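I have placed the structure first, in the form of structure tokens, so that the comments after it can refer back to it.
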Amino acid sequence: LYLRVHTSSALQMPLHLWQAEAREAHDQNQNLLQGLYFGTMLVMLLYNLILFFGIRDWHYLLYVSWTACMAGFLGAFNGLAFQYLWPNATQWNDQSIVVLLSLANIFGTAFSIAFLQLRKNLPRSVPALQAMMLLAMAAAIAAVWLPYQLAIKFTIVNAVLSIMLIMATAIHLWRAGFKAARLFILSW
């Protein structure tokens, strides 16, 4: 087999030669696992949305927004969103990966600031995290104009740096005796 592939966006091309029965069994298992994952995300989203409306605590809305963006990002990344939600929007499919990952970064960072009470517990970390959120917002907006390769690299670097900063902050607070930081790290 000879294969030549060219694309301006991300491409996953796992190639396997299968017996028909083995391929069908594999696909059924994959569909089951993906259904369980996205079903769990939907339940978490709805449960926390109900809590938000009942309690009016903005932490829950930030968490719901993060959950929705992460599920959307992973759905776009593995092709399910393109298959089921926007099958004719090829350009949006590439942009959605960057936009949704950037928005997940923003909401996840905002949730971390609120949940860890950083304005009170470690105020010097807040400007750095806010800067990461601004960079993520810039990436989400720029995804419309930037080539995919550049936008996704910038977005991934920003997300990794944000996660590292959040985890370092949470570890520092855990060591300082802030019990919510322990829960935050274990649940992450």
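The values are calculated or read from the model by the stated rules, or taken from the named source; none is laboratory data. All figures in this text were calculated on a predicted structure; none of them were measured in a lab. Because the Cβ atoms are built from the backbone with ideal geometry, glycine has one as well, and the counts that use them run over all protein chains shown. Note: areas computed on protein heavy atoms with side chains; ligands, DNA, RNA excluded. Shrake-Rupley method; radii C 1.70, N 1.55, O 1.52, S 1.80 Å.
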If I filter region 89-111 down to residues being modelled with pLDDT of 95 or more and more than 20 Å from residue 153 (Cβ to Cβ), which single residue comes out as least open to solvent (accessible area, probe 1.4 Å)? 110
Hey, residue 174 in a loop (DSSP other than H, G, I, E, B) and modelled with pLDDT of 90 or more or not: no
Among the candidates 187, 162, residue that is open to solvent by 80 Å² or more (accessible area, probe 1.4 Å), among the polar types (S, T, N, Q) and within 18 Å of the chain's Cα centre (by Cα): 187
Which pairs do you get when a residue that is at positive phi, found in region 109-138, comes within reach of a residue that is crowded, with 20+ Cβ neighbours inside 10 Å, reach meaning Cβ atoms under 9 angstrom, with the pair 6+ apart or on two chains? 117/173
Scanning region 112-159 residue by residue, those open to solvent by less than 40 Å² (accessible area, probe 1.4 Å), more than 21 Å from residue 182 (Cα to Cα) and not in a helix (DSSP H, G or I) turn out to be 143
When you look at residue 77, is it surrounded by 14 or more Cβ atoms within 10 Å (Cβ to Cβ) and over 15 Å from the mean Cα position of the chain (by Cα), yes or no? no
